[in-house]
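Novice: Dropping the structure in here first, questions after.
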Amino acid sequence: MSETDSQNNFSKLVKYQNLISVTFSTLVLLLYFSFIIIVGFKPELFSPMVFNETIPIGIVFGISIIIFSIFLTILYVIISNFFLDSLRKKLKQ
Amino acid sequence: MNLFLSFTSLLLVPFDIYALSDNKTTNNYAILTFLLFVISTLIITYFASKKTKNKDSFYAAGGKITGLQNGLAIAGDYMSAASFLGISGLVFFSGFDGLIYSIGFLVGWPIILFLLAEKLKNLGKYTFADATSIRLDQFYIRILSSVGTLLTILLYLIAQMVGAGGLIQTLFGLSYESAVIIIGSLMIIYVSFGGMIATTWVQVIKAILLLFGASILALMVLKVNDYSISKLFNEATSIHRKGQDILFPGQLIDEPLSAISLGMALIFGTAGLPHILMRFFTVPDARSAKISAAYATGFIGYFYILTFIIGFGAIVLLTNNSDYINTDGNLIGSNNMAAIHLSHAVGGDIFLGFISAVAFATILAVVSGLTLAGASAIGHDLYAYVICKGKTSEKKEIFISKISTIILGIIAIFLGIIFEGQNVAFMVGMAFAIAASANFPILFLSLYWKNLTSKGAFYGGFIGLLTAAILVILGPIVWVDILGNANPIFPYKYPALFSITAAFISIFLFSKIDKESLSNKHKKLFEKQFYKSYTNIEK
């Protein structure tokens, strides 16, 4: 592989890797801090009950953050280990 | 090896005497399960000690741990008895508020995966300072990171020891001192003989036991409530003295700024815990490092959802039951006993014994990880790089690390006994604040910011560390509640928002005035490091 090819592949790798890292981190932080800020500033937003008026929306939101975080980590590993690894392999040659 | 066996038998003798002593609170199932755990982990330690011959195996288990194993070990390292018993207790006491902690303790994990795991593994070998010192002056960076590491793990260790002593006193009918001594001695044996291999397996087994025990507990709770969450909430609100309030944010967060600050401490503190970061060096490559972080997130997230169900189950099944509740309406023992009492309520003496033994094993796994991280900071960072400037033999370095293990263990036992009955909860908060304000900023900026300089990291890191420590001391928890002053000098319980900001600003300023960043060599080194951090290829 030529010097410029390898440079291009590396730039691509950095670009995509950073794109998912930054997007996913921002998503998690945004969700978490909006949860915290609602708890701190506007707890009444968590008052409505959902699912036939039995479960408060705050608890649904909270548990969803945990499940969504797990989902994002799986997605991240799939993208980084399966799709971006082809770029890493090219660079190793 | 003879040393190993004699040390081990010495330890088991006093244990047997206590275990067999006639004590009302002694649960034989607990002792049996726990002895089984101890014996099997000691056997593992024996075999691990044969493989623990060099630095690679002592610090990093030879890099032979798989992604799944490491994910379990990380979970075992991270899910402490405090989060199992403490959070389920908090849910029992005030419902929703427990969730705030659960989520906070979890969300650090995706961040570690997205920003740190791969690069850490590609750059480092045994401690996170290996990664941060690649392009910076070893001397400055290793001093800073070992001070950050040692403070974090000592505070964390003391809190674990004190909590463990009290817990085991209640569960096993041992005296406080002997509980602390048993934990301290076992941890010294695991770490000094079996290094990272033994520590990893102790953590893996503990994680499986804890996840299994908590799953059964939650399942029993759901079964009693016809597998209906609505019914669980309904029953809980009708019986709890706070009624409907337990479904909504309560008194835990009365002040928004504090809430944000606590959130930052939990997220960035987790991402700066040395014993956690160290685990990423035990896998063969960055691929497995990422996989292990994803597994860890899954296990830890699942576990925190369980603690929430367990807490609500405790409300339904324990409230108004005089077997578990004092006349004043609190749980017998303390509110931290919610999960323990619940295990008895749903599964009788056998299950109570199992969960108690799991709690004991949980403590052991966490303190072992902490001690190994502390010993590595002393042997690898301080001795080999700061004192010997990298010119020491492998044998000597391991020797120093093993001696440090024993010394740290003795210090932990000693301080654990001194702090008996003291309010040590602030120590965990301080450990997280320091990890978030010194370890994390340096690690993060060394990976991503090309203009970071050695002195910038050094002075900025120490400013972050000191700010965190001092603000905790001047804040309401230590200054008012512990030292008995009327008003806090610093008004917030959690300083992370301020100390992290102080760290980043001062690292930035000190790096700007440091001429190092202008040199060509500095730029070249960053390019090399940057390339390696994404590809694991030396450029």
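The values are calculated or read from the model by the stated rules, or taken from the named source; none is laboratory data. Source: prediction; values computed, not measured. A quick note on method: Cβ atoms are made from the backbone with ideal geometry, for glycine too, and the neighbour counts reach across all protein chains shown. Please note that ligands, DNA and RNA were not included when accessible areas were found on the heavy atoms of the full protein model with its side chains. Shrake-Rupley method; radii C 1.70, N 1.55, O 1.52, S 1.80 Å.
Novice: Which one is modelled with the highest pLDDT, of the residues in the range B:493-512 that are touching a Ser or Thr at 6+ places or on another chain (Cβ under 6 Å) and more than 17 Å from residue B:267 (Cβ to Cβ)?
Specialist: B:502
Novice: Which residue out of B:300, B:291 is farther than 27 Å from residue B:167 by Cα, in contact (Cβ under 8 Å) with a residue 40 or more places away in the chain and β-branched (Val, Ile, Thr)?
Specialist: So the residue among B:300, B:291 that is farther than 27 Å from residue B:167 by Cα, in contact (Cβ under 8 Å) with a residue 40 or more places away in the chain and β-branched (Val, Ile, Thr) is B:291.
Novice: Residues being facing another protein chain (nearest Cβ under 8 Å), open to solvent by 40 Å² or more (accessible area, probe 1.4 Å) and either closer than 12 Å to residue B:107 by Cα or among the hydrophobic types (A, V, I, L, M, F, W, C) (or both): count how many of those fall in the range A:38-47.
Specialist: So the count comes out to 1.
Novice: Return yes when residue B:216 is under 27 Å from the mean Cα position of the chain (by Cα), more than 10 Å from every other protein chain (Cβ to nearest Cβ), open to solvent by 30 Å² or more (accessible area, probe 1.4 Å) and under 26 Å from residue B:73 (Cβ atoms) and no when it is not.
Specialist: Values: under 27 Å from the mean Cα position of the chain (by Cα): yes; more than 10 Å from every other protein chain (Cβ to nearest Cβ): yes; open to solvent by 30 Å² or more (accessible area, probe 1.4 Å): yes; under 26 Å from residue B:73 (Cβ atoms): yes.
Yes; evaluated as a whole, the condition is true for this residue.
Novice: Between a first residue in the range B:76-97 that is among the acidic types (Asp, Glu) and a second residue that is open to solvent by less than 10 Å² (accessible area, probe 1.4 Å) and in a helix (DSSP H, G or I), which pairs have beta carbons less than 7 Å apart while being 6 or more apart in sequence or on different chains?
Specialist: That search, which allows pairs on different chains as well, returns B:77/B:203; B:77/B:275; B:77/B:276; B:77/B:279; B:77/B:365; B:77/B:366; B:77/B:369.
Novice: Among the numbered criteria (1) part of a helix (DSSP H, G or I); (2) open to solvent by 10 Å² or more (accessible area, probe 1.4 Å); (3) over 21 Å from residue B:427 (Cβ atoms), which single criterion is violated by residue B:467?
Specialist: (3)
Novice: Looking at B:36, B:72, B:106, B:32, can you tell me which residue is within 14 Å of another protein chain (Cβ to nearest Cβ) and either at pLDDT 90 or above or open to solvent by 20 Å² or more (accessible area, probe 1.4 Å) (or both)?
Specialist: Going through B:36, B:72, B:106, B:32 in turn, the sole match is B:106.
Rundown of residues vs (1) assigned to a helix (DSSP H, G or I); (2) charged (D, E, K, R); (3) open to solvent by less than 10 Å² (accessible area, probe 1.4 Å), yes/no style:
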residue	(1), (2), (3)
B:307	yes, no, yes
B:321	no, no, no
B:328	no, yes, no
B:346	yes, no, no
B:349	yes, yes, no
B:369	yes, no, yes
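Novice: Would you check which residues across the range B:495-539 are among the polar types (S, T, N, Q) and open to solvent by less than 40 Å² (accessible area, probe 1.4 Å) and list them?
Specialist: Here is the first cut: in the range B:495-539, the ones among the polar types (S, T, N, Q) are B:499, B:501, B:506, B:511, B:517, B:519-520, B:529, B:533, B:535-536.
If the condition is that a residue be among the polar types (S, T, N, Q) and open to solvent by less than 40 Å² (accessible area, probe 1.4 Å), then B:499, B:506, B:511, B:517, B:529, B:533, B:535 are the ones that fit.
Novice: Can I ask one more? With the structure loaded, tell me whether residue B:480 is closer than 15 Å to residue B:155 by Cα, assigned to a helix (DSSP H, G or I), at pLDDT below 90 and not acidic (Asp, Glu) or whether it fails that test.
Specialist: No: the conditions fail for residue B:480.
Novice: Kindly check whether there is at least one residue in the range B:311-318 that is open to solvent by less than 10 Å² (accessible area, probe 1.4 Å), under 20 Å from residue B:75 (Cβ atoms) and within 14 Å of chain A (Cβ to nearest Cβ). Can you show your working first?
Specialist: Here is the first cut: in the range B:311-318, the ones open to solvent by less than 10 Å² (accessible area, probe 1.4 Å) are B:311-315, B:318.
From the residues that got through so far, the ones that are under 20 Å from residue B:75 (Cβ atoms) too are B:311.
Now drop any that are not within 14 Å of chain A (Cβ to nearest Cβ), which leaves B:311.
Yes, because at least one residue in the range B:311-318 is open to solvent by less than 10 Å² (accessible area, probe 1.4 Å), under 20 Å from residue B:75 (Cβ atoms) and within 14 Å of chain A (Cβ to nearest Cβ).
Novice: Still on this structure, please answer the following. In the list A:82, A:35, A:24, which residue meets the criterion of being more than 7 Å from chain B (Cβ to nearest Cβ), aromatic (Phe, Trp, Tyr) and in a helix (DSSP H, G or I)?
Specialist: Numbers: A:35 fails: more than 7 Å from chain B (Cβ to nearest Cβ); A:24 fails: more than 7 Å from chain B (Cβ to nearest Cβ).
The unique qualifying residue is A:82.
Novice: Pick from the range A:48-79 the residues that are at the interface with another protein chain (Cβ under 8 Å from one of its Cβ atoms) and open to solvent by 70 Å² or more (accessible area, probe 1.4 Å): which of them is farthest from residue B:238 (Cα to Cα)?
Specialist: Applying the filter and picking the extreme gives A:74.
Novice: What do you reckon, is residue B:414 open to solvent by 60 Å² or more (accessible area, probe 1.4 Å), assigned to a helix (DSSP H, G or I), of a type outside the set (S, T, N, Q) and out of contact with any Pro (no Cβ under 7 Å at 6 or more places or on another chain)?
Specialist: yes
Novice: Ok, one more. Name the residues in the range B:274-305 that are open to solvent by less than 20 Å² (accessible area, probe 1.4 Å), within 11 Å of chain A (Cβ to nearest Cβ) and not in a helix (DSSP H, G or I), would you?
Specialist: none
Novice: Can you find a residue in the range B:258-268 that is surrounded by 24 or more Cβ atoms within 10 Å (Cβ to Cβ), away from chain A (no Cβ under 11 Å) and closer than 26 Å to residue A:31 by Cα?
Specialist: yes
Novice: Pull out all pairs, ordered by first then second residue, where Cβ-Cβ is under 6 Å, the residues are six or more apart or on different chains, the first lies in the range B:516-535 and is closer than 30 Å to residue B:290 by Cβ, and the second is among the acidic types (Asp, Glu).
Specialist: Sorted first by the residue in the range B:516-535, then by its partner, the pairs are B:522/B:516.
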